[in-house]
Amino acid sequence: MKAETAAKKLGILLEAAPAEFREGLVTRDELAALTADPPEWLEVLHREGPHPRTVVAAKLGISNSGLARGGVTDPLTTAEIKALLEAPPAWLVTERATQAAVRAEKIRVADRDKERAARRGGGSGV
């Protein structure tokens, strides 16, 4: 697979990986080996960053869209993420509240659907 795909699967920013990783192809076995026994550079990237948008959003507890609305366009390091969490700007407080509301609504809908299924006798309705 391409290095870009492997980087996504590993949850790292491709541009921060060593040149030998960025410029090569990664087999499924190599990816499994990197996951099972990560080399030092991969451990450092996971620990310190910079992190890709999906990881930043997850660590902040918001969506990727929330990052964009907050004006975060560049990758962030772990230290930058911690600083945001320790002294959250207004946009982050708003986005975290929005994300919490979305999660609560998903749970409410799932519970409602389970109740309806139970009243119908547990059938799939298909």
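Here the accessible area of the chain is 55 percent carbon and sulfur, with a 1.4 angstrom probe and all protein chains present.
Over the stretch 62-126, the ratio between the Cα radius of gyration and 2.2 N^0.38 Å evaluates to 1.70. At q = 0.10 Å⁻¹ the log10 of I(q)/I(0) for the chain amounts to -0.49, computed by Debye summation with a single uniform scatterer per C-alpha, solvent ignored. Pairs of lysine in the chain with Cα under 30 Å and at least 8 positions apart or on different chains: total? Qualifying lysine pairs in the chain: 11. The distance linking the stretch 15-32 with the stretch 78-110 is 32 Å (Cα centroid to Cα centroid, whole angstrom). Between beta-carbons, use under 14 Å as the cut-off and find the net charge around Leu67, counting Lys and Arg +1, Asp and Glu -1. Spelling it out: positives minus negatives among the neighbours equals +1.
Looking at the stretch 16-69, which GluC sites (Glu not before Pro) are DSSP coil and have at most 10 other C-beta atoms within 10 Å of their C-beta?
Numbers: sites: Glu20, Glu23, Glu30, Glu40, Glu43, Glu48; in loops: Glu23.
The qualifying sites are Glu23.
Coupling constants for the stretch 31-41 follow from the phi torsions by the Karplus curve (6.51 cos²θ - 1.76 cosθ + 1.60, θ = phi - 60°), and in residue order they are 5, 4, 5, 5, 6, 6, 9, x, x, 4, 4 Hz; glycine and proline get x. May I ask for the angle, rounded to the nearest 10°, between helix 90-119 and the longest principal axis of the chain, with both axes built from Cα atoms and the value confined to 0 to 90°? Helix 90-119 and the main axis of the chain meet at about 50 degrees.
Distance between the modelled labels on Glu30 and Glu105, one decimal in nanometres: 4.3 nm (7 Å Cα→Cβ projection).
Based solely on its DSSP helices, what 222 nm [θ] is calculated for the chain when runs of n ≥ 4 H residues each add -39,500 (n - 2.57) and the sum is averaged over all residues, nearest 500 deg cm²/dmol? Let's see the in-between values first.
On the way: 8 runs with 83 residues, N = 126.
Only helices count here, giving -19500 deg cm²/dmol.
Mark the label point 7 Å from the Cα of Arg53 along Cα→Cβ and return the residues of the stretch 1-28 whose backbone N is within less than 15 Å of it. Of the residues in the stretch 1-28, 8, 12-15 have backbone N under 15 Å from the label point off Arg53. Around the amide H of His51, modelled in the peptide plane, lie the amide H atoms of Leu76, Thr77, all under 5 Å away and 5 or more residues distant in sequence or on another chain.
The values are calculated or read from the model by the stated rules, or taken from the named source; none is laboratory data. These figures come from a predicted structure and were not determined experimentally. Positions of Cβ are generated from backbone atoms using ideal geometry, with glycine treated the same way; all protein chains shown enter the neighbour counts. Note: areas computed on protein heavy atoms with side chains; ligands, DNA, RNA excluded. Shrake-Rupley method; radii C 1.70, N 1.55, O 1.52, S 1.80 Å.
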